[in-house]
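See below for the structure under consideration.
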Amino acid sequence: MERKKVSSQGLKIIVCIKQVPAVPDVRIDPVTNTLIREGVPSILNPWDVIGVEEGIRLRERYGGEVTVITMGPLQAKEAVIGALAMGADRGIILSDLTFAGADTIATAHTLLAQIKKMWYDIIICGKLSIDSETGHLGPHLAELLDIPQICYVKKVDVDMIERKVIAQKEADDGIEVVEAPLPVLITTTNSLNEPRLPTLREAVNARRKKIEVVTASELGGDLSKYGLKGSPTFVDKLFRPPARRPEMLLQGDPKEAVEILVQALLNRNIVNVRSRE
Amino acid sequence: MVSKTEIGGAEESASYKGVWVFAEQKDGNLRGVGLELLGVGRRLADRLGEELVAVLLGCGIEELAKDLVAYGADKIILAEHELLGRYTTETYMNVLAELVYKYKPSVLLMGGTLNGRELAPRLAARLSTGITADCTDFDIDKDGHLLQIKPFSKLMAKIKCRTKPQMATAKPNAFKRLKPDWSRKATVIREEVKVSPNETRTRVIEVVKTTNSIYGNVEEADAIVAGGRGLGSKENFKLIHDLADLLGATVAGTRSVVDRGWLPASQQVGQSGKMVTPRLYIAVGISGATYHTVGMQKSEVIVAINKDVKAPIFQIATYGIVGDLFEILPIFMDRLKKEYQEGVDIEQPSEQKPSNPY
Ligand SMILES: Cc1cc2nc3c(=O)[nH]c(=O)nc-3n(C[C@H](O)[C@H](O)[C@H](O)COP(=O)(O)OP(=O)(O)OC[C@H]3O[C@@H](n4cnc5c(N)ncnc54)[C@H](O)[C@@H]3O)c2cc1C
Ligand SMILES: Nc1ncnc2c1ncn2[C@@H]1O[C@H](COP(=O)(O)O)[C@@H](O)[C@H]1O
């Protein structure tokens, strides 16, 4: 495993961000069975907006630098510009056809190759991305970097002297207060913060900032681990979800329809069910 | 380290055998999702002609093995250590990884609880294998590979994994447990595990238990009234609460509704919300996107109210009413009130029922 890279002044913060379709129901490429992202209006994944905000707040409190990284098609630049407008210092986009069609493991290896070249104290990932909804990337990356992870964080403080993070996180039966030494990876929840909205001027200025674009050959590493080829999982087949046989579809007079429904429910002895609790 | 193996290709792949279910326990109690996974795991193991193994980690939890046998396991791998008494991602992952290296299971299923969602993906990265989150069904193809089934856009996808073990998670309630058979016999293998305190770099300093929300637990509800974007506004959503109160039902909604802040995330039903299996599910102003229906289609009776006759929800509804919800709901509620007033053997809503938050 790599040597852990910890900086000594302020916090080096990396936020992993993803551009996602603005509409929840996107189409599928019939050849590769992957989601068609090109030409679909996109936004910065809402959980990652929270991640960028938290990165900036940590920098405001403890000093340091916030870098956002995304892997995606060149149009994902818009997501990086959005993060720069909020106040991130540096934006990197990993973009190459080699990276396309990646599952979470392949995405983690791609981000890993970049992050290994950098200094970092805290890595922030979103709770999940709204188009694939796995939330797997954070834990994958923490393992590949061999650093501790704290997922579903609601509040985070840093002890700069002992160089550790103290965080409140969601647990199945409440909240846990957890600490871990730097460097650490955390994932967001929506109670972590209320993200700022950049002003028009900030949005305009962000467009002038330089964004580093990294191709596969520049990234290096084991190219066989990237993209569709490097993905252990793949969509084999798509099918229509099976329909249940509807018993009745009532159209027309609402009073009559309701009467028929209520009778049917009464016959099945089902209108007086009570909650199990 | 186990190297990456092409499915059906490399010889090593063939040496991976058996279906494993991680049986998560908390404070000495088994989580229900482990028993549910044993139910579907049984079917997969039988199709493969291989063993169904439950893996149980903890401290002083040997007793729980009996339940795992009754719910379908052929074999239990039990690892006890005082450092496994309380869940920590790194220690649990290290122990599970060692067990996988040693026994080489072909399939590894884990529950999508909060802990499971931290543990499973980290373990997959350690094992250099793939993982599919929140599957709603599983099957075995003709070559003996696991088909991991979950919604993908408007369709359902069969996902395969080129590497072993083939890992997947499923949410609570996605599968049914088998009827327990207390006469079943199984072997219990006790694993001596070496665990040291500094393996876990994260340390829990405090646990603050929170009480359940006033909304009630959708995963355990017998009756659910769910609202969708068709309600139009948070104010209108009160209609859903009123109907639920009348029926003694729990309130739920779609992701659109949660995104708009009309309901807390705890009440979201579907792929990225909760899986529910009530006796009665009333879907009001819900279109019936696959991502929603995977979470509620196992309900006993589904009632749908929607003004669009083409809405996909009508394909899975037991009873559908095509019409304007603002017209239908008041009539429906009046009719129910009449029923409850006249009904002799129908009790009034009980007191513990969550109160209307409005
Ligand atoms: C990865 C991923 C995960 C997702 N997970 C989930 C999930 O867990 N749960 C979930 O619910 N969704 C989920 N979604 C979103 C899902 O795809 C749909 O967008 C969502 O379920 C639609 O919600 P809806 O039915 O409330 O809204 P819409 O699809 O907008 O439907 C509203 C319906 O209301 C009807 N209507 C409008 N006015 C009236 C009226 N006056 N009277 C009667 N009917 C009326 C309309 O005809 C329409 O059918 C997910 C999406 C993605 C990409
Ligand atoms: N292509 C990507 N580039 C950068 N970060 C990503 C990418 N995909 C996912 N992430 C990060 O991982 C989180 C969880 O995503 P997912 O595992 O897809 O649900 C997101 O909120 C991002 O922080």
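Of the residues making up region B:150-181, those that are part of a loop (DSSP other than H, G, I, E, B) and farther than 18 Å from B:V40 by Cα number 5. Restricting to region B:245-288, name every residue that is within 10 Å of chain A (Cβ to nearest Cβ), more than 7 Å from ligand 1 (Cβ to nearest atom) and not in a loop (DSSP other than H, G, I, E, B). Result: B:L246, B:L247, B:T250, B:D259, B:A265, B:L280, B:I282. Summed over region A:39-55, residues that are more than 14 Å from chain B (Cβ to nearest Cβ) and either among the hydroxyl-bearing types (S, T, Y) or within 15 Å of ligand 2 (Cβ to nearest atom) (or both) total 8. Of the strands (runs of 3 or more DSSP E) entirely within region A:202-277, those holding at least 1 residues that are away from chain B (no Cβ under 11 Å) and under 30 Å from A:T70 (Cβ atoms) occupy A:211-214.
The selection criterion, being in a strand (DSSP E or B), among the acidic types (D, E) and either farther than 25 Å from A:D173 by Cα or more than 9 Å from ligand 2 (Cβ to nearest atom) (or both), holds for A:D157. Please go through region A:141-158 and pick out each residue that is within 11 Å of chain B (Cβ to nearest Cβ) and free of Cβ contacts under 8 Å to residues at least 60 places away in the same chain. Correct list: A:A142, A:E143, A:L144, A:P148, A:Q149, A:I150, A:C151, A:Y152, A:K154. Candidates are the residues of region B:224-247 that are over 18 Å from B:I331 (Cα atoms) and of a type outside the set (K, R); the one that is nearest to ligand 2 (Cβ to nearest atom) is B:G228. Within region B:202-244, the residues that satisfy the criterion of being more than 20 Å from the chain's Cα centre (by Cα), at the interface with chain A (Cβ under 8 Å from one of its Cβ atoms) and surrounded by fewer than 18 Cβ atoms within 10 Å (Cβ to Cβ) are B:R203, B:V204, B:I205, B:E206, B:V207, B:V208, B:K209, B:T210. For region A:168-191, taking the residues that are within 7 Å of chain B (Cβ to nearest Cβ) and not in a strand (DSSP E or B), the one that is farthest from A:K116 (Cα to Cα) is identified as A:D173. Working only within region B:198-227, note down all residues that are in contact (Cβ under 8 Å) with a residue 60 or more places away in the chain and more than 30 Å from A:Q149 (Cα to Cα). Listed by number, the residues that qualify are B:I214, B:Y215, B:G216, B:I224, B:A226. For region A:112-139, name all the residues that are more than 16 Å from ligand 1 (Cβ to nearest atom), of a type in the set (G, A, S) and within 12 Å of chain B (Cβ to nearest Cβ). A:G138, the sole residue that qualifies.
Just one of (1) hydroxyl-bearing (S, T, Y); (2) in contact (Cβ under 8 Å) with a residue 40 or more places away in the chain; (3) away from ligand 2 (no atom under 16 Å from the Cβ) fails for B:S183. It is (2). Against the test of being outside any loop (DSSP other than H, G, I, E, B) and touching a strand residue (DSSP E or B) at 6+ places or on another chain (Cβ under 6 Å), the options B:L123, B:L147 yield a single qualifying residue, B:L147. Would you say B:T129 is at pLDDT 95 or above and not in a strand (DSSP E or B)? Answer is yes for this residue.
Screening A:I123 with (1) within 13 Å of ligand 2 (Cβ to nearest atom); (2) in a loop (DSSP other than H, G, I, E, B); (3) in contact (Cβ under 8 Å) with a residue 12 or more places away in the chain gives one miss only, at (2).
I need the full set of residues from region A:92-111 which are within 11 Å of chain B (Cβ to nearest Cβ), within 11 Å of ligand 2 (Cβ to nearest atom) and in a helix (DSSP H, G or I), in order please. Please lay out each step first, then the result.
Narrowing region A:92-111 to residues within 11 Å of chain B (Cβ to nearest Cβ): A:103-106, A:108-109.
Checking which are within 11 Å of ligand 2 (Cβ to nearest atom) leaves us with A:103-106, A:108.
Residues satisfying the conditions are A:T104, A:I105, A:A106, A:A108.
In the condition set (1) outside any helix (DSSP H, G or I); (2) at negative phi; (3) touching a residue at least 24 places away in the same chain (Cβ under 8 Å), B:Y291 is compliant with all but (1). Residues in region B:294-316 that are facing chain A (nearest Cβ under 8 Å) and either within 7 Å of ligand 1 (Cβ to nearest atom) or part of a loop (DSSP other than H, G, I, E, B) (or both) were compared, and the one that is nearest to the chain's Cα centre (by Cα) is B:V294.
Considering (1) assigned to a strand (DSSP E or B); (2) under 25 Å from B:I205 (Cβ atoms), the lone condition that B:F138 does not fulfil carries the number (2).
The values are calculated or read from the model by the stated rules, or taken from the named source; none is laboratory data. What you are looking at is a predicted structure, and each value in this text was computed from that prediction instead of being measured. For neighbour counting, all protein chains shown are included, and Cβ atoms are generated from backbone atoms with ideal geometry for every residue, glycine included.
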